Amino acid sequence: MIKTMGMIFIIVAGAYAGHRASLSLTRRVTQLENIITFLRLMATQLRYTMPALDVLLEELSDTTAAAHIIFPGKCLELMKQGHAFPEAWKEALDIAAAALSLKGVDMLPLYELGERLGSTDVEGQLAIFSLADKKIGQSLAAAREERKRNGSLYRTLGLLTGVFIVLVTF
């Protein structure tokens, strides 16, 4: 009885590990979608109201997209402590990178955006948002493809690894 329960536990543990690996792919897609939504909201607000960057972040920090990607609220917090926008944006991204499931290629357009935002007129800033949106959109397409291609693979491998361990051990 204990042996059977141990075997079931090992198989379930393998399946769970595969599921967790698959989940990180889904989290990456969701986070990229939230980033794109947030950046589009920023661009729209900038186009029609032309607020200062701290006001813009204040207005959008309560949105669902901002809450899920962490760094806008952190950037606002750092700006309230006296940091300049580019420095606050970069530091907020550095802090958020540990909590997000994004790759370096996903984060690069965000770092570039922070370096350039606020340094040109409204049309220039909208062009910067458009470029970032395009680059992150490409990352999103790649993430969706990776999730489609590898998601079920990870789940299957996890389950099969558990079965293999049971077969070898018992």
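The values are calculated or read from the model by the stated rules, or taken from the named source; none is laboratory data. As the structure is a prediction and not an experimental result, all values here were calculated from the model. Counting neighbours? That spans all protein chains shown, and the Cβs are built from the backbone with ideal geometry, glycine included. We work out accessible area using only protein heavy atoms, side chains counted, and drop any ligands, DNA or RNA first. Shrake-Rupley method; radii C 1.70, N 1.55, O 1.52, S 1.80 Å.
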Exercise. Given the C-alpha centroids of the range 134-170 and the range 23-79, what is the distance between them in whole angstrom?
Worked result: 29
Exercise. Could you give the accessible area per residue of the range 1-72, probe 1.4 Å, as a whole number in Å²?
Worked result: 56
Exercise. Here are several values of P(r) over Cα pairs in 5 Å bins from 0, in percent: [x] 1, 7, 12, 13, 13, 12, 10, 10, 8, 6, 4, 3, 2, 1, 0; [y] 1, 8, 15, 17, 15, 10, 7, 7, 6, 5, 4, 3, 1, 0, 0; [z] 1, 8, 16, 19, 20, 15, 10, 5, 3, 1, 0, 0. Which one was derived from the coordinates shown?
Worked result: [y]
Seminar exercise, completed: Of the residues 132, 111, 101, the Cα lying farthest along the dipole of the range 93-155 towards its positive end, which is defined by charges on the beta carbon of Lys, Arg, Asp and Glu, belongs to 101
Exercise. In debye to the nearest 20, how big a dipole does the range 1-132 give about its Cα centre with +1 on each Lys and Arg Cβ and -1 on each Asp and Glu Cβ?
Worked result: 820
Exercise. For the range 29-115, which whole-number percentage of the solvent-accessible area (1.4 Å probe, protein heavy atoms only) is attributable to carbon and sulfur atoms?
Worked result: 54
